[in-house]
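Worksheet: the structure to be examined is printed underneath.
The values are calculated or read from the model by the stated rules, or taken from the named source; none is laboratory data. Predicted model only: the values in this text are computed from it and were never measured. In this analysis, Cβ positions are derived from the backbone assuming ideal geometry, glycine residues included, and neighbour counts consider all displayed protein chains. With ligands, DNA and RNA removed, areas are computed over all heavy atoms of the protein, side chains included. Shrake-Rupley method; radii C 1.70, N 1.55, O 1.52, S 1.80 Å.
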Amino acid sequence: MSSKVVAVAGATGLVGNQMLKTLEEREFPVSKIKLLASERSKGKTLTFCGETVPVEVLDENSFKGVDIALFSAGGGTSKRFAPCAAKDGCVVVDNSSAWRMDPDVPLVVPEVNPEDVEWHKGIIANPNCSTIQMVVVLKPLHDAARIERVVVSTYQAVSGAGIKAIKELEDQTKAILAGDEPKCEVFPHPIAFNCIPQIPQSDAFTANGYTSEEMKMVNETQKIMGDENIRVSATTVRVPVHTGHSESVNIETQRKITAEKAREVLAAAPGVVVLDDTANQVYPLALDSVGRGETFVGRIREDISQSRGLDLWIVSDNLLKGAALNAVQIAELL
Ligand code: NAP
Ligand code: 3JN
């Protein structure tokens, strides 16, 4: 691959920071890096591959001469600036929900639908973190037994809600242990020692009673798997975990697949690690997923309530495979 001029929009954020680390670690061929953020970051510098790089304020002209731009600066920024970048000949890999369901924009998980990269028109969308780790595991099972229905509950780490959310969990934990009242600024209720069945933390609920995060899991799964007939029902829950999203997933398949066959299929699947040895209390854990690029699956068992069903426990680092790594893998496909 020839060296590319790469821009990271949102470089000072949690995901942007992971994008820079991932580009370094995977030795992505970067001839020049451009770090972009808001006015608030004017004058800041960041380190990339041992060099100090100034952070520039993102505007319409930021993408002239840029080959690939990785966006993680929120949906509003993507909506406004991704088309400017594409017009200047840059390919945008966008981490927000702004373009995910646009029929002219591919929504890509490299282990699932890499071929969709080919029809991009300048913007490629990176799915939501909870969707990514689920479809990496569901795709091989769909190919083996055809999934008809999915019921998922998530246990999502606070880092999915940004830097301020991590601080809120830390501050509330200290406050509660000291006998003080926890302060809620990011989340609507205390997150320390608690579980909140509402993601995102504001403007969450849609007319059908599901949250927007839950509907992302429904719509994005169907688009990525290229099958609008897969029925999905999701409940997304924030838990007091720093990093690593966990998911309890129940599937109903057209053809029967045994737990043993599912383990065999998943062990051979790209990007998946099976951790399933209950006799030795081995199953995926959020803590163990931090810093790892794979998606972990365990507790694989046949659903006793139906004849063609499986239960699974799926865990992955939400900032890596759920965001930065998936985006860099898309850039590698390009
Ligand atoms: P964060 O830590 O709060 O960082 C936000 C970044 O966006 C910062 O670099 C910030 O720059 C920049 N930014 C904000 N407004 C901007 C503007 N008007 N112009 C230019 N830059 C702007 O948030 P994060 O956790 O990294 O998440 C960032 C975005 O990534 C989210 O909003 C979401 O769209 C996406 N995301 C996707 C997933 C996923 O599931 N795939 C997961 C998490 C996040 P300053 O430092 O200058 O403010
Ligand atoms: O809350 C999480 O665990 C994942 C958060 C993702 C997120 C946060 C803010 C804005 C998104 C996303 O990727 O869907 C967005 C967005 O809508 O762009």
Which members of the range 119-175 meet the condition of being of a type in the set (D, E, K, R) and open to solvent by 50 Å² or more (accessible area, probe 1.4 Å)? 121, 143, 146, 148, 149, 164, 167, 170, 171, 174
Among residues belonging to the range 282-314 that are open to solvent by less than 10 Å² (accessible area, probe 1.4 Å) and farther than 15 Å from residue 267 by Cα, point out the one that is nearest to the chain's Cα centre (by Cα). 289
Quick one: count up the residues across the range 294-325 that are in a loop (DSSP other than H, G, I, E, B) and either closer than 18 Å to residue 127 by Cβ or touching a Cys at 6+ places or on another chain (Cβ under 7 Å) (or both). 4
Of all residues in the range 59-82, count the ones that are open to solvent by less than 80 Å² (accessible area, probe 1.4 Å), of a type outside the set (Gly, Ala, Ser), out of contact with any helix residue (DSSP H, G or I) (no Cβ under 6 Å at 6 or more places or on another chain) and within 16 Å of ligand 2 (Cβ to nearest atom). 2
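Here is a yes/no grid of residues against (1) farther than 28 Å from residue 117 by Cβ; (2) under 14 Å from the mean Cα position of the chain (by Cα); (3) among the hydrophobic types (A, V, I, L, M, F, W, C); (4) within 14 Å of ligand 1 (Cβ to nearest atom):
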{"site": "130", "(1), (2), (3), (4)": "no, yes, no, yes"}
{"site": "152", "(1), (2), (3), (4)": "no, no, yes, no"}
{"site": "167", "(1), (2), (3), (4)": "yes, no, no, yes"}
{"site": "182", "(1), (2), (3), (4)": "yes, no, no, no"}
{"site": "195", "(1), (2), (3), (4)": "yes, no, yes, no"}
{"site": "218", "(1), (2), (3), (4)": "no, no, yes, no"}
{"site": "230", "(1), (2), (3), (4)": "no, no, yes, no"}
{"site": "235", "(1), (2), (3), (4)": "yes, no, no, no"}
Can you confirm whether the range 208-216 contains a residue that is open to solvent by 50 Å² or more (accessible area, probe 1.4 Å), touching a Pro at 6+ places or on another chain (Cβ under 9 Å), modelled with pLDDT of 95 or more and within 30 Å of residue 305 (Cβ to Cβ)? yes
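Per-residue answers, yes or no, for (1) open to solvent by 70 Å² or more (accessible area, probe 1.4 Å); (2) more than 17 Å from the chain's Cα centre (by Cα):
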| site | (1), (2) |
| --- | --- |
| 4 | no, yes |
| 21 | yes, no |
| 27 | yes, yes |
| 87 | yes, yes |
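So, residue 224, is that one part of a loop (DSSP other than H, G, I, E, B), within 16 Å of ligand 1 (Cβ to nearest atom), β-branched (Val, Ile, Thr) and touching a Lys or Arg at 6+ places or on another chain (Cβ under 9 Å) or not?
Against the criterion (part of a loop (DSSP other than H, G, I, E, B), within 16 Å of ligand 1 (Cβ to nearest atom), β-branched (Val, Ile, Thr) and touching a Lys or Arg at 6+ places or on another chain (Cβ under 9 Å)), residue 224 does not qualify.
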